[in-house]
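Single-structure report; data block below.
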Amino acid sequence: MKANQAVQATLQYTEAELLAIPVKELIHPEDRDRTSVARKELLNGKTLTNFENRYVAKNGNIIWLEWTSIYLPDKEVVFAIAKNVTERKVREIAIEKKILKFKKLATNFKKKIEKDRKYFAVEVQEELAQLAAVVKMSIAAINTAVPDASGQLKQKIEHAFVVAGLLINTIKRVSFNIGPYILDDIGLEETLRWFCKEFSLLHDIPCEFTGTFNEKNLTHEMKIDFLRICQEALSNVIRHSAAGGVQVSIREKDNQIELCIADNGKGFIQEDLKKTMGLTIMEDLSTSIDGTLSIESEPGKGTTICIAVATPQ
């Protein structure tokens, strides 16, 4: 083995010391196994490019080196060039730590919001819906108690009874949209299936659901965000697409789970896509769970919105 002056200066060992120490001992303990794997691949004929690992200098400092290596079997020699990338790696690690910190804060913030939403949804469901139900029963009692009411009064009582029923259904729908508490009870697949049925009934737009995935491969945060993205996408269908039908699907393939909402509406030219509040919400939700959001659309051919996330290993 030979080491030039740059190696000696970087690791702060003399050439004699470097020749006396096994190379493995110079490598950071956490990087020895993967360095060994890379070395075996190198000796089997694979050129090593941009391979990074850590070394421990004589004074204990950690040095990051980026290697480009080639094995010359006829001479049984490994020719390797290393670049000291310590400063860059230190900056990258610092940035990664900040990203993880902000991501953790964002996750905690989301959990707090969902907790508050769930509490508020339950309050709306239990308090307002019950009060509306009492009003509906009272109207029914009045209708029974006054059998000889005039035609106009009878009509108003019946109208109030119908409105009370609509109010109860609206409260239930709003309660679900605020906090999908049934998600914890029946899971994401059945919640999406139920939500699509409700969408069809409320807006008279057929909405079909298909699901082929293992729900255990999604974290609770992922399930909530998938549902929120589906809600936003279907809201966009109502507001913008003029669709006659929607298909919601969630499937698992190649260590990814993908949720897609496809409509057969008017579509749009993708270059003309505007940054709406709904799109911003979907992008933020996707980013928070390391997902990839994609939107495909053509005029007259509808729009498809998909989010794909890698399944936790």
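Applying a threshold of 8 Å to beta carbon distances and a minimum spacing of six or more residues, or different chains, the list of pairs starting in the stretch 11-39 at a residue that is farther than 16 Å from residue 82 by Cβ and assigned by TED's automatic domain parsing to the domain that holds residue 70 and ending at one that is in a loop (DSSP other than H, G, I, E, B) and of a type outside the set (S, T, N, Q) reads 17/58; 19/1; 19/3; 21/13.
Residue 146 satisfies every condition listed in (1) surrounded by fewer than 15 Cβ atoms within 10 Å (Cβ to Cβ); (2) at pLDDT below 75 except (2). Of all residues assigned to the stretch 289-308, none qualifies as being touching a Cys at 6+ places or on another chain (Cβ under 7 Å), acidic (Asp, Glu) and within 27 Å of residue 105 (Cα to Cα).
In the stretch 189-197, the count of residues that are at pLDDT below 85, touching a helix residue (DSSP H, G or I) at 6+ places or on another chain (Cβ under 7 Å) and assigned by TED's automatic domain parsing to the domain that holds residue 273 is zero. Filtering the stretch 256-313 to residues that are in a loop (DSSP other than H, G, I, E, B) and closer than 19 Å to residue 246 by Cα leaves 264, 265, 266, 267, 268, 298, 299, 300, 301, 302.
Do we find that residue 121 is assigned to a helix (DSSP H, G or I), modelled with pLDDT under 80 and over 33 Å from the mean Cα position of the chain (by Cα) in this structure? It is false that residue 121 is assigned to a helix (DSSP H, G or I), modelled with pLDDT under 80 and over 33 Å from the mean Cα position of the chain (by Cα). Hey, any hits in the stretch 292-311 for a residue that's within 23 Å of residue 256 (Cβ to Cβ), polar (S, T, N, Q), assigned by TED's automatic domain parsing to the domain that holds residue 260 and modelled with pLDDT under 85? Yes, some residue in the stretch 292-311 is within 23 Å of residue 256 (Cβ to Cβ), polar (S, T, N, Q), assigned by TED's automatic domain parsing to the domain that holds residue 260 and modelled with pLDDT under 85. The combined condition, being modelled with pLDDT of 90 or more and surrounded by 13 or more Cβ atoms within 10 Å (Cβ to Cβ), is fulfilled by residue 85.
For residue 227, the criteria (1) modelled with pLDDT under 85; (2) surrounded by 17 or more Cβ atoms within 10 Å (Cβ to Cβ); (3) under 17 Å from the mean Cα position of the chain (by Cα) hold in every case but one, which is (1). Which pairs turn up if I take residues in the stretch 195-207 that are closer than 10 Å to residue 244 by Cα and look for partners that are in a helix (DSSP H, G or I) and of a type in the set (Phe, Trp, Tyr) with beta carbon separation below 9 Å, at least 6 apart in sequence or on another chain? If the second residue must be in a helix (DSSP H, G or I) and of a type in the set (Phe, Trp, Tyr), the pairs left are 205/199; 207/195; 207/199.
Being under 37 Å from the mean Cα position of the chain (by Cα), among the acidic types (Asp, Glu) and closer than 22 Å to residue 5 by Cα holds for only one residue in 41, 66, and it is 66. Looking across the stretch 1-43, the residues that are under 16 Å from residue 79 (Cβ atoms) and not in a helix (DSSP H, G or I) come down to 1, 2, 3, 4. Does residue 235 count as crowded, with 18+ Cβ neighbours inside 10 Å, part of a helix (DSSP H, G or I) and hydroxyl-bearing (Ser, Thr, Tyr)? In short, no. The residues of the stretch 53-82 that are within 20 Å of residue 12 (Cα to Cα), of a type in the set (Lys, Arg) and either outside any strand (DSSP E or B) or not assigned by TED's automatic domain parsing to the domain that holds residue 35 (or both) amount to a single one, 58. Quickly run through the stretch 193-217 and pick out the residues that are exposed (fewer than 14 other Cβ atoms within 10 Å of the Cβ), touching a strand residue (DSSP E or B) at 6+ places or on another chain (Cβ under 9 Å) and part of a helix (DSSP H, G or I). Scanning the stretch 193-217 gives a single hit, 197.
The condition of being crowded, with 16+ Cβ neighbours inside 10 Å, free of Cβ contacts under 8 Å to residues at least 24 places away in the same chain and under 15 Å from the mean Cα position of the chain (by Cα) does not hold for residue 258.
The values are calculated or read from the model by the stated rules, or taken from the named source; none is laboratory data. Being a predicted model, the structure only gives us computed values, none of them experimental. So basically every Cβ, Gly included, is an ideal-geometry build from the backbone, and we count neighbours across all protein chains shown.
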